[in-house]
Amino acid sequence: MAAMAGSRTQKIGSVFSRTRNLVRIGLLEKPLWLDVYAAFPPLREPVYRVPRPRCGSARDPIAPIFYREDTVRARFYQVYGNGPRPFDLTQLNFKSTCQRFVEKYNELKEEGKIEEEKLFEETGKALLASGIILQRRGVDKVAQQEQQSAGSRDPTLQLQLQSVLEELQEKRKDRQEQPPELAGTQKENPPPS
């Protein structure tokens, strides 16, 4: 059986013929179904057949299905992404932000007051007016977090951090301004700390 592990012998012959041959040479114990299969063989032996290519171009049997709102959804996810929180599918009447956007988009489109080019932006503004905040992708969230954390820090801590940073910068300047002879002696004999 180990000789068959890496080969493609399942494409040669049927399961019956391969098993029968393995039993003959002693690599496999005789399974119970082998005698039954020999006594009552199927009408057509189940062997692997290479599928023949169809004449002409091969077509996908299932055509892709696109709805009108699929383009709006795609653009929404491209511009705004999934949002900050995962979908809450435990609620039966849950509507994602994208679904609300598509509904509002279709509602504004049916009114016909807004031009087609401005409709996407106006839908975002309309949702903002109704209390749904949309955040565009690519907004630097790290910078926003730094601004929020800087505002929430203790002012004395902020002063201490600035003074430590200034001291470090002064030390670097002093090291750079020293003549090369002194810098070499300091590396050989470092001052005690």
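Consider only pairs whose beta carbons are under 8 Å apart and that are at least six residues apart or on different chains; among these, list those whose first residue lies in region 101-124 and is under 15 Å from VAL79 (Cβ atoms) and open to solvent by 50 Å² or more (accessible area, probe 1.4 Å) and whose second residue is in a helix (DSSP H, G or I) and not aliphatic (A, V, I, L, M).
Pairs found: LYS104/THR123.
Would a scan of region 161-179 turn up a residue that is open to solvent by 70 Å² or more (accessible area, probe 1.4 Å), more than 19 Å from GLU69 (Cα to Cα), at pLDDT below 85 and part of a loop (DSSP other than H, G, I, E, B)?
No, region 161-179 contains no residue that is open to solvent by 70 Å² or more (accessible area, probe 1.4 Å), more than 19 Å from GLU69 (Cα to Cα), at pLDDT below 85 and part of a loop (DSSP other than H, G, I, E, B).
Within region 71-99, how many residues turn out to be modelled with pLDDT of 90 or more and basic (Lys, Arg)?
Of the residues in region 71-99, 2 are modelled with pLDDT of 90 or more and basic (Lys, Arg).
When both residues are 6+ apart or on different chains and their Cβ atoms are under 7 Å apart, which pairs have a first residue that lies in region 64-79 and is free of Cβ contacts under 8 Å to residues at least 40 places away in the same chain and charged (D, E, K, R), and a second that is open to solvent by less than 100 Å² (accessible area, probe 1.4 Å) and in a loop (DSSP other than H, G, I, E, B)?
From region 64-79, no pairs qualify.
State whether one or more residues within region 97-113 are of a type in the set (A, V, I, L, M, F, W, C) and more than 28 Å from the chain's Cα centre (by Cα).
Yes, region 97-113 contains a residue that is of a type in the set (A, V, I, L, M, F, W, C) and more than 28 Å from the chain's Cα centre (by Cα).
I need the full set of residues from region 125-138 which are modelled with pLDDT under 80 and loosely packed, with under 10 Cβ neighbours inside 10 Å, in order please.
GLY138
Check TYR67 against each of (1) in contact with a Phe, Trp or Tyr (Cβ under 8 Å, 6 or more places away or on another chain); (2) open to solvent by 100 Å² or more (accessible area, probe 1.4 Å); (3) among the hydroxyl-bearing types (Ser, Thr, Tyr) and name the one condition it does not meet.
(1)
Just name the residue that is nearest to GLU110 (Cα to Cα) out of those in region 27-78 that are outside any loop (DSSP other than H, G, I, E, B) and among the aromatic types (Phe, Trp, Tyr).
Only one residue fits best here, namely PHE76.
The values are calculated or read from the model by the stated rules, or taken from the named source; none is laboratory data. Owing to the predicted nature of the structure, the values given are computational and were not obtained by experimental measurement. Counting neighbours? That spans all protein chains shown, and the Cβs are built from the backbone with ideal geometry, glycine included. Keep in mind that these areas ignore ligands, DNA and RNA; they rest on the heavy atoms of the full protein, side chains included. Shrake-Rupley method; radii C 1.70, N 1.55, O 1.52, S 1.80 Å.
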